[in-house]
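Visitor: Structure incoming, see below.
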Amino acid sequence: MFPFPFSFLSTQETGLDLLDNVYSMSFDRTSPTEISTGVASSTFSKTATWSISAWCKATTRTTALGLFGNTTNANGIRLQTSNPGAGQIGFDFSMVGDGTFSGYQLTVSQDVSWTASTWYHVVITYDGSETAAGLKMYINNNASTSASPDWTHSSDTSSTVGLTIGVRKSGSLGWDGLIDEFAIFNYTLTSSNVEEIYNATNDNTGKTADLSSMATPPVAWYRMGD
């Protein structure tokens, strides 16, 4: 129903097995749909290693479309879009842990040229080091480490709620568009891992990476209809 429109090439070899990828899930920010992953909040603490990989397509360019999050009013993680300038869309990821939304523990962002209804592969990796270098964002296999470190607060980033797909926090700031192949890992994906996941879809029409064929598969993987 919603095939990926990336490939302009014939089928290419990839380091991962391939699966058919035909469907994705639609989200509407005016009536937020959310999917609870059931993954424990402790998975995303500031001393844990973890990664999140997802494909997404926004149908509108607006501030604060929430792709995922487990934030409460005190702490947690979240990824949302911002609106940095004409022709661009920004992806902003934050780990919140000081009791308010005004002071982030660690934040990384990346702006990309934006066209409506264009797919982006977004990956967040974290190595548990509590440093700016430990947090990375990849957009379509391009890495960003422009993190803002602020570990001056003593509280952890662990939330009291599980991770939710399609909203920044439960009931608010929903995604507007499509989300597909959402995966959670309990380790830090390498740049080679990210490249393999991206290329599997980018280079192969109607296909995606079989993440179960990775040396260490994800702890949760949502095919979104496939």
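Visitor: Checking Ser10 against (1) in a loop (DSSP other than H, G, I, E, B); (2) modelled with pLDDT of 80 or more: exactly one of these is not met. Which one?
Guide: (2)
Visitor: Take segment 183-219 and flag every residue that is crowded, with 17+ Cβ neighbours inside 10 Å, outside any helix (DSSP H, G or I) and hydrophobic (A, V, I, L, M, F, W, C).
Guide: Ala183, Ile184, Phe185, Leu189, Ala209, Met214 - these are the residues of segment 183-219 that are crowded, with 17+ Cβ neighbours inside 10 Å, outside any helix (DSSP H, G or I) and hydrophobic (A, V, I, L, M, F, W, C).
Visitor: Okay, moving on. Of the residues in segment 33-53, how many are under 15 Å from Gly174 (Cβ atoms) and within 15 Å of the chain's Cα centre (by Cα)?
Guide: Qualifying residue count, segment 33-53: 3.
Visitor: Output the qualifying pairs, or none if there are none: Cβ atoms under 6 angstrom, residues six or more apart or on different chains, first residue in segment 27-38 and part of a strand (DSSP E or B), second residue of a type in the set (S, T, N, Q) and modelled with pLDDT under 85.
Guide: Listed by first residue and then by second, the contacts come to Phe27/Thr33.
Visitor: When you go through (1) among the β-branched types (Val, Ile, Thr); (2) at pLDDT 85 or above; (3) in a loop (DSSP other than H, G, I, E, B) one by one for Thr152, which number turns out not to apply?
Guide: Tallying (1) among the β-branched types (Val, Ile, Thr); (2) at pLDDT 85 or above; (3) in a loop (DSSP other than H, G, I, E, B), Thr152 fails exactly one: (2).
Visitor: Kindly evaluate Trp221 against the criterion of being hydrophobic (A, V, I, L, M, F, W, C), under 13 Å from the mean Cα position of the chain (by Cα) and modelled with pLDDT under 95.
Guide: Taking the combined requirement at face value, the residue does not satisfy it.
Visitor: Has segment 167-187 got at least one residue that is touching a Gly at 6+ places or on another chain (Cβ under 7 Å) and modelled with pLDDT of 95 or more?
Guide: The answer is yes; a qualifying residue exists.
The values are calculated or read from the model by the stated rules, or taken from the named source; none is laboratory data. The structure displayed is predicted, hence computed values, not measured ones. Here Cβ is always computed from backbone atoms with ideal geometry, including for glycine, and neighbour counts include all displayed protein chains.
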